[in-house]
Amino acid sequence: MLTSLVLFGATGDLASRLLLPALVELEHEGALDELRIICSSVEDGDDEWFREHASQQLEEFASELAPDARERLVQRISYVPADVTASDSVNEVISAVQENSDEPIACYLALPPSVMTEALQALASADLPEGSRIAMEKPFGEDLNGAKELGGLLKKLFADPDRTVFNVDHALGMEPLQAMFDLRANNPFPEAVWSSGHIEEIAVLWEETMALEGRAEFYDNTGALKDVMQNHMMQVLITSIIDLPSFASDGGVDTKELHQLKVDLLKSAHVLRTDDPTHRSNRGRYTAGTLTDDADGQGRSVPDFVDEDGVSEERGTETYAEVLLEVDSPRWKGTTFRLRAGKALSARRKGLEVTFRKTGRADAGSQLWLGIDGPFDASFSLDAGLNAGGSKGGPRSLDLAGEQPESHLSPYANVLADFLSDGQKLAAGAAESELAWRVLTPVLEDWAQGKVPMQDYAAGSDGPARIDIASEEK
């Protein structure tokens, strides 16, 4: 495990809401050993100033976590102000960390996309010890060309970018998704039927009940497809459907093979072949309505998306996106893959909805639900056909979740643990990110050319109807 962590952008929203609480979780689990934590941002301040700031943020965003773990974590922290885009300033931070040591350093860039390239350049010119690692947040480029440019930049800046730069995707840290390989490797079901011969459709859902939550300006420059579909949802999909990688001697997967399997699968993926662009993608944005995610259950009214502060109607940004894909591989040719993401919907659901092909006299295909948001959540709903006495059987539901562990780590805690231990399993490689952009670029082009109209849906509703491909030639 690396012994020093530098958190750049430490006073930002990401650090306050997710990274500091994740470090508290690891502290509570005893997983930080003697890790030194150096926080840095542009604000002037000293150790005591930042420790007070961190305590306040943890009280607001992680009050449910153990107070003693929060206090121990805060006391680990030291603070060094710096401009992460300036080489001299970054070097001052690295010098403060090293203290005559040449041990590798973990650098986490909790920064907005607008400064990420400059920060990477500054770190590349800094005197980082051999074996140091850099974690960067999404997005990996803002489009296909941007991803290619960023990938090329990393190759110029670092001798071994795949080992040096950790492309963070917190979806990979969701414990149910991590358990996917074990579920398939250790059970006759679902692996025995995990192919197009049995599965008609797999839908990856990323449906949220919240609206913008103070992120209006960022979201209006991003949209649902770029915010979660190109990165999180594509990683969920390919992690779930790739061929099983080999398992190492410690029981973990072979990470080099894992990333190659992902790349190979993405090379065979493409949007649904159809002459009608509206049969392969859909987009929408919410209008005024009542959300269902408030704590008191009374509902919370929100205005039209285009009337939110920081939103420009002229940008035509979507809050809902749906895309249909195909994968031309021996295992999956003939299965439809549906990606569906939306904000301000009636229910929160994140996971995989697997629809099996009809068999025998069943009226519909059975379904398997694999939830990835929180504890392992799996259930199998089947049409029982005819009962023994000849009467019609209705749907049956089987709970596959089994006994749950007593505690769960948040996705970011899992990602940080992997990053600090020099792991690669929970990172998205540059090639994967570029290929994901390639797959979705035809949809972005359809939208830019006005081939897919924007649909309105009321906040708090189920959102636009799913694309119906029943009559589409596949």
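The values are calculated or read from the model by the stated rules, or taken from the named source; none is laboratory data. Keep in mind that what you see is a predicted model, and the values were worked out from it rather than measured. A quick note on method: Cβ atoms are made from the backbone with ideal geometry, for glycine too, and the neighbour counts reach across all protein chains shown. Only protein heavy atoms, including side chains, enter the accessible area calculation; ligands, DNA and RNA are left aside. Shrake-Rupley method; radii C 1.70, N 1.55, O 1.52, S 1.80 Å.
Assorted remarks:
- Mean silhouette area of the range 190-299, derived from the convex hull of its C-alpha atoms and averaged over all directions, reads 11.7 nm².
- Sparse-neighbourhood loop sites, trypsin sites (Lys or Arg not before Pro) in the range 311-373 - DSSP loop, at most 11 other Cβ within 10 angstrom: Arg361
- An ellipsoid equivalent to the range 48-118, defined through the eigenvalues of its Cα gyration tensor, has semi-axes of 26, 17, 11 Å when rounded to whole angstrom and sorted largest first.
- The translational diffusion coefficient of the range 116-258, from Stokes-Einstein at 10 °C and 1.306 mPa s with a Kirkwood hydrodynamic radius over alpha carbon pairs, comes to 88 µm²/s.
- Using the Cα coordinates of the range 56-195, the gyration tensor eigenvalues translate into equivalent-ellipsoid semi-axes of 32, 25, 16 Å, sorted from longest to shortest.
- Longest segment of the chain lacking GluC sites (Glu not before Pro) that sit in a DSSP loop with at most 13 other Cβ atoms within 10 Å: 214-402
- With Cα atoms, 0 to 90° folded angle of helix 47-61 axis to the chain main axis: 20 degrees
- Here the accessible area is traced with a 1.4 Å probe on the protein chains. For the chain, carbon and sulfur cover 47 percent of it.
- Average silhouette area of the range 128-168, convex hull of alpha-carbon atoms, in square nanometres: 2.8 nm²
- The range 95-111-the range 1-68 distance, computed between alpha-carbon centres (Å): 16 Å
- Mean projected area (nm²) of the alpha-carbon convex hull when the chain is viewed from all directions: 24.6 nm²
- Take the Cα of Ser125, step 7 Å toward its Cβ, do the same at Ser78, and the gap between the two points is 2.5 nm.
- Contour excess over end-to-end distance, with Cα ends at Gln455 and Phe218 and 0.36 nm allotted per residue: 83.2 nm
- Degrees, to the nearest 10: 113-125 long Cα axis against longest axis of the chain: 50 degrees
- Extension gain, Glu34-Lys148: 0.36 nm per intervening residue step, less the Cα-Cα distance, totals 37.2 nm.
- 14 Å tail of the calculated P(r), the range 207-251, as % of Cα pairs: 66 percent
- In plain terms, the chain from Glu200 to Ser63 could stretch by 44.9 nm, reckoned as 0.36 nm per residue minus the Cα-Cα distance.
- Taking a straight Cα-Cα cut-off under 14 Å and skipping sequence neighbours fewer than 8 places away in the same chain, the aspartates and glutamates within cross-link reach of Lys358 are Glu200, Glu201, Asp383.
- C-alpha long axis of helix 430-448 to longest principal axis of the chain, angle in °: 60 degrees
- Straight Cα distances below 22 angstrom link Lys226 to the lysines Lys138, Lys148, Lys262, Lys267, Lys343, Lys350, Lys451, with same-chain residues fewer than 8 positions distant left out.
- Sites matching trypsin sites (Lys or Arg not before Pro) across the range 219-277 that sit in DSSP coil, with at most 15 neighbouring C-beta atoms within 10 Å: Arg273
- Heavy-atom surface of the chain, accessible at 1.4 Å and reported per residue (Å²): 44 Å²
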